[in-house]
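The values are calculated or read from the model by the stated rules, or taken from the named source; none is laboratory data. In this text, all values refer to a predicted model and were calculated from it rather than measured experimentally. Positions of Cβ are generated from backbone atoms using ideal geometry, with glycine treated the same way; all protein chains shown enter the neighbour counts.
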């Protein structure tokens with residue numbers, strides 16, 4: 001993986017140089033084909049990347065590169081996965097193509113070839129590339145705007161109303177102490193009755209699926225009585241955010257992080273500040289490299305907490321052809 | 001085909017401008033070679049079109065003229081390039097060339113570092129730089145996003161630094177933490193009692209006070225930052241070149257300062273870039289040179305004539321940056337600290353952190369001035385671990401009494417012997433050489449901030465985001481030390 005990681009790098013470099021030189025063929029491969037110097041350069045990079053890996057960093061984390069990027073909406077090339085798929089295909093050539101599991105596994109490869117029109121055009125025109133960059137930036141700006149600090153509300157109404165407004169605005173739900181859950185109704189609106197609960201603390205927040213990010217947490221951290229926080233399937237919650245939850249350490253008892261695509265074991269390690277935690281849901285985190293081991297280590301770190309999720313057997317997933325045999329085994333015994 | 005014929009035909013007209021492999025002599029009298037090259041220059045300026053040469057392929061050479069030449073393609077140099085391109089007024093306004101000697105970065109400090117980031121410094125400037133860098137790294141996929149490329153995975157471990165102080169250093173630590181809090185860093189002080197409760201695996205004997213970073217501190221993958229910057233900078237149209245800067249050609253003019261002394265003002269107008277593994281070189285005309293060569297920036301400064309003069313004058317003041325070798329050891333200890341272990345830095349100067357989930361740890365120690373190893377090569381002295389690193393660590397963390405060293409490596413610090421702080425901004429006499437070097441081991445974590453500061457200095461003429469005017473070169477001449485106390 002490292003090998004490809006490095007070898008990819010020199011190619012876009014030549015774009016800048018060839019901008020004036022070859023207007024008709026922008027693709028780096030075309031340029032490389034003509035030019036023996038670049039060919040040798042690429043070869044050099046190939047060889048150098050092969051010899052490079054050992055000295056500086058002895059441990060390369062292989063698995064964490066395969067995550068999807070929700071921000072850009074593109075899929076990363078799952079290089080390792082692809083290789084193993086090829087192997088499987090070689091063995092199962094012919095009749096077994098229609099096996100359901102295999103068909104599902106092959107699908108991402110097909111997706112890679114499919115491009116949107118803009119993606120296709122960006123390969124030919126720089127202006128389209130700039131346009132896409134601009135759209136990307138716009139998307140990020142929007143996210144920041146959604147998550148900006150609501151200081152003006154906080155001044156007038158206090159931290160609880162601010163937190164509630166922020167979460168409801170993003171589409172989540174809140175519960176004030178001894179009150180009912182407040183959610184959006186079917187038309188995407190929420191009642192403003194909660195404005196009278198200025199002195200009532202919030203005890204539960206359900207932000208599942210919300211676009212909350214690091215800056216947005218500013219509005220949640222002053223909720224000192226928060227007992228339950230659910231951040232399920234939040235696409236922008238990452239390790240940096242988890243590191244920020246320590247002001248809630250005194251009250252927080254329940255935390256759910258299930259399905260967050262950006263949370264890895266590195267962020268989970270920083271939850272050791274939350275010693276009052278009673279229940280922690282860390283199931284289905286794609287960026288965690290060893291879910292089973294991570295769960296054991298987290299349980300060690302938070303001895304009073306029930307850690308749910310990550311099935312330890314998840315690590316022991318077998319190749320598709322082995323699975324039926326394994327399933328068959330328990331039946332006779 | 002027709003186009004190619006046309007090009008060949010057109011090219012013949014330009015034959016005079018063909019640059020051949022020849023070493024130009026610069027004598028006092030213009031000889032034949034000199035005349036010819038003058039003539040070529042004239043022809044080239046008259047003829048329309050770019051530097052295209054159908055007969056002699058020069059695409060592997062750096063461009064003949066650039067606005068800014070950055071010497072050193074490590075994380076600092078790339079960060080300067082990134083901010084220059086980012087802050088330029090119009091897209092493509094500045095041509096930037098990054099010259100890097102070794103594209104595998106086998107000896108570069110960037111890849112060999114432990115990759116820590118902390119705000120626990122004693123100088124406000126350093127704290128601000130680190131805070132800025134933390135926010136940069138947090139949003140790294142916004143800053144360094146390249147269309148159609150996969151997002152970067154920085155592998156940031158947000159576990160903080162835990163600095164321990166003995167009875168003697170407790171007061172200083174308290175003062176430092178006060179400064180850090182003023183600057184906005186989230187650092188808390190811990191008593192030995194609290195420390196025992198929080199991290200039961202630490203032996204608190206001899207510890208009077210501990211400071212622990214709650215936010216924005218930890219360690220990350222430096223290689224990822226380097227590759228991300230490289231990728232982004234390349235997509236922004238920065239030129240890269242694998243080569244070595246061998247010579248600066250500068251003009252100098254004699255001037256008198258207010259007290260009547262004569263000073264030599266210099267201006268670099270050409271940089272000779274020697275290609276890797278060949279005698280071929282390319283003179284690059286430039287307006288600015290940025291010295292980001294890390295541990296070797298002292299040599300680069302000397303090439304530009306800095307420090308060549310009578311002692312005690314501004315001309316004779318050298319750039320006090322030299323390479324220092326630091327060892328990093330990786331060991332395995334099954335009973336070692338668990339998942340929550342921060343980067344612990346003992347009062348003796350030894351430090352360690354967790355690496356991965358398999359009970360592996362990385363650590364080392366800065367040697368004292370007397371036991372400084374020879375920085376000529378990157379060989380590891382395993383005796384140093386036995387004698388200097390292991391005893392204090394085993395005393396601090398009893399579990400480390402049984403451990404097995406798995407591997408070790410060495411890397412360079414760009415060590416500023418004057419006050420262990422960075423050098424930023426222009427040289428007072430060589431007017432168009434800017435520095436971004438000398439950070440003595442915390443250059444990686446401050447690179448985004450320093451890059452921005454240097455770019456602002458170049459483009460605007462003054463610092464805008466973070467005021468780094470105390471890091472100017474002139475402090476070496478004036479003898480004003482701004483000491484950084486916390487060097488790990």
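Looking at the range B:80-90, can you tell me whether even one residue there is exposed (fewer than 15 other Cβ atoms within 10 Å of the Cβ), at pLDDT below 85 and more than 30 Å from residue B:297 (Cβ to Cβ)? Spell out how you get there, then give the answer.
Quick first cut of the range B:80-90, residues exposed (fewer than 15 other Cβ atoms within 10 Å of the Cβ) only: B:86, B:89-90.
Next, only the ones that are at pLDDT below 85 stay: none.
Checked against the condition, which is being exposed (fewer than 15 other Cβ atoms within 10 Å of the Cβ), at pLDDT below 85 and more than 30 Å from residue B:297 (Cβ to Cβ), the range B:80-90 yields no hits at all.
Taken over the range A:258-281, the criterion of being touching a strand residue (DSSP E or B) at 6+ places or on another chain (Cβ under 9 Å) and facing chain B (nearest Cβ under 9 Å) is satisfied by A:264, A:266, A:267, A:268, A:269, A:270, A:271. The listed residues are A:241, A:234, and the only one of them that is crowded, with 21+ Cβ neighbours inside 10 Å, away from chain B (no Cβ under 14 Å) and at pLDDT 90 or above turns out to be A:234.
Looking across the range B:342-357, the residues that are within 14 Å of chain A (Cβ to nearest Cβ) and either within 23 Å of the chain's Cα centre (by Cα) or buried (at least 22 other Cβ atoms within 10 Å of the Cβ) (or both) come down to B:342, B:343, B:353, B:354. Scanning the range B:149-177 for residues that are in contact (Cβ under 8 Å) with a residue 24 or more places away in the chain and within 7 Å of chain A (Cβ to nearest Cβ) turns up B:153, B:155, B:156, B:157, B:158, B:159.
Okay, residues lined up against (1) out of contact with any helix residue (DSSP H, G or I) (no Cβ under 8 Å at 6 or more places or on another chain); (2) modelled with pLDDT under 95:
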{"residue": "B:348", "(1), (2)": "no, yes"}
{"residue": "B:352", "(1), (2)": "no, no"}
{"residue": "B:358", "(1), (2)": "yes, yes"}
{"residue": "B:381", "(1), (2)": "yes, yes"}
{"residue": "B:388", "(1), (2)": "yes, yes"}
{"residue": "B:416", "(1), (2)": "yes, yes"}
{"residue": "B:420", "(1), (2)": "yes, yes"}
{"residue": "B:441", "(1), (2)": "yes, yes"}
{"residue": "B:448", "(1), (2)": "no, no"}
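Scanning the range A:306-326 finds one or more residues that are more than 11 Å from chain B (Cβ to nearest Cβ), modelled with pLDDT of 90 or more and either under 22 Å from residue A:166 (Cα atoms) or touching a strand residue (DSSP E or B) at 6+ places or on another chain (Cβ under 7 Å) (or both). Among the residues of the range B:213-223, are any away from every other protein chain (no Cβ under 11 Å) and either under 30 Å from the mean Cα position of the chain (by Cα) or not in a helix (DSSP H, G or I) (or both)? Within the range B:213-223 (the criterion being away from every other protein chain (no Cβ under 11 Å) and either under 30 Å from the mean Cα position of the chain (by Cα) or not in a helix (DSSP H, G or I) (or both)), the answer is no, since none of the residues qualifies.
Can you tell me which residue within the range B:126-148, out of those that are outside any helix (DSSP H, G or I) and more than 8 Å from chain A (Cβ to nearest Cβ), is surrounded by the fewest Cβ atoms within 10 Å (Cβ to Cβ)?
Initial filter on the range B:126-148 (outside any helix (DSSP H, G or I)): B:139, B:144-148.
In the following step, the residues that additionally are more than 8 Å from chain A (Cβ to nearest Cβ) were identified as B:139, B:144.
Working: B:139: 17, B:144: 25.
Within the range B:126-148, the match that is surrounded by the fewest Cβ atoms within 10 Å (Cβ to Cβ) is B:139.
The condition (being more than 14 Å from every other protein chain (Cβ to nearest Cβ) and either outside any loop (DSSP other than H, G, I, E, B) or at pLDDT 90 or above (or both)) is satisfied by just one residue among A:255, A:184: A:255. When you go through (1) out of contact with any strand residue (DSSP E or B) (no Cβ under 8 Å at 6 or more places or on another chain); (2) assigned to a helix (DSSP H, G or I); (3) more than 24 Å from residue A:147 (Cα to Cα) one by one for residue A:250, which number turns out not to apply? Going through the list (1) out of contact with any strand residue (DSSP E or B) (no Cβ under 8 Å at 6 or more places or on another chain); (2) assigned to a helix (DSSP H, G or I); (3) more than 24 Å from residue A:147 (Cα to Cα), residue A:250 breaks only (2). Counting only strands (runs of 3 or more DSSP E) that sit wholly inside the range B:386-488, those with at least 3 residues that are touching a strand residue (DSSP E or B) at 6+ places or on another chain (Cβ under 9 Å) and surrounded by fewer than 20 Cβ atoms within 10 Å (Cβ to Cβ) are B:404-416. Among the residues of the range A:213-231, which ones are in contact with a helix residue (DSSP H, G or I) (Cβ under 6 Å, 6 or more places away or on another chain), within 24 Å of residue B:137 (Cβ to Cβ) and in a loop (DSSP other than H, G, I, E, B)? Those that are in contact with a helix residue (DSSP H, G or I) (Cβ under 6 Å, 6 or more places away or on another chain), within 24 Å of residue B:137 (Cβ to Cβ) and in a loop (DSSP other than H, G, I, E, B): A:214, A:220, A:221.
Which of the residues spanning the range A:117-134 are free of Cβ contacts under 8 Å to residues at least 60 places away in the same chain and in contact with a helix residue (DSSP H, G or I) (Cβ under 8 Å, 6 or more places away or on another chain)? Selection gives A:118, A:119, A:121, A:122, A:128, A:129, A:131, A:132. Tell me yes or no: at least one residue of the range A:148-165 is away from chain B (no Cβ under 14 Å) and under 20 Å from the mean Cα position of the chain (by Cα). No - not one qualifying residue is present in the range A:148-165.
Among the residues of the range B:232-241, how many are on the phi < 0 side of the Ramachandran plot and surrounded by fewer than 20 Cβ atoms within 10 Å (Cβ to Cβ)? Give the steps one after another, and end with the answer.
Restricting attention to the range B:232-241, the residues satisfying the condition of being on the phi < 0 side of the Ramachandran plot are B:232-236, B:238-241.
Going one step further and asking which of them are surrounded by fewer than 20 Cβ atoms within 10 Å (Cβ to Cβ), we end up with B:236.
Number of matching residues: 1.
With respect to residue B:360, is the statement that it is within 14 Å of chain A (Cβ to nearest Cβ) and over 30 Å from residue B:285 (Cβ atoms) true? So residue B:360 fits the description; yes. Exactly one residue out of A:234, A:210 is part of a loop (DSSP other than H, G, I, E, B) and within 29 Å of residue B:354 (Cα to Cα): that is A:234.
Might you check whether a residue that is touching a residue at least 24 places away in the same chain (Cβ under 8 Å), under 30 Å from residue B:167 (Cβ atoms) and not assigned by TED's automatic domain parsing to the domain that holds residue B:451 occurs anywhere in the range B:220-227? No, the range B:220-227 contains no residue that is touching a residue at least 24 places away in the same chain (Cβ under 8 Å), under 30 Å from residue B:167 (Cβ atoms) and not assigned by TED's automatic domain parsing to the domain that holds residue B:451.
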